[in-house]
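To keep things clear, I will list the structure first and then write my remarks on it.
The values are calculated or read from the model by the stated rules, or taken from the named source; none is laboratory data. Owing to the predicted nature of the structure, the values given are computational and were not obtained by experimental measurement. Neighbour counts are summed over all protein chains in view; Cβ atoms, including those assigned to glycine, are modelled from backbone coordinates with ideal geometry.
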């Protein structure tokens, strides 16, 4: 249980859509709770079910780091796009 709590805390941006202790949330808690890890796998497989088996063989921490980076990068790009407008 502690491992799960640490993972969801350390990679909060993946599970809630925002870094821990921030108020902006892209995914509601209800949605995240209902779908759990499937949302993570869905993102990693790029919405392609044929890639599901392949991504489940990857290292968990590497996957979560990858998703954290992508989410942060997308947020940064949105800020830069909005700032430039």
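Quick notes
- Residue within the stretch 14-29 that is in a helix (DSSP H, G or I) and at pLDDT 85 or above present: no
- The single condition among (1) at pLDDT below 90; (2) more than 10 Å from the chain's Cα centre (by Cα); (3) part of a loop (DSSP other than H, G, I, E, B) that residue 5 does not meet is (3).
- The set of residues in the stretch 44-76 that are part of a helix (DSSP H, G or I) and buried (at least 16 other Cβ atoms within 10 Å of the Cβ) comprises 44, 55, 63, 64, 67, 68, 71, 75.
- Contacts under 7 angstrom Cβ, first residue in the stretch 55-74 being on the phi < 0 side of the Ramachandran plot and in contact (Cβ under 8 Å) with a residue 40 or more places away in the chain, partner surrounded by 14 or more Cβ atoms within 10 Å (Cβ to Cβ) and outside any helix (DSSP H, G or I), 6 or more apart: 64/11; 68/11
- Evaluated against (1) exposed (fewer than 13 other Cβ atoms within 10 Å of the Cβ); (2) at pLDDT 85 or above, residue 41 falls short on exactly one condition, (1).
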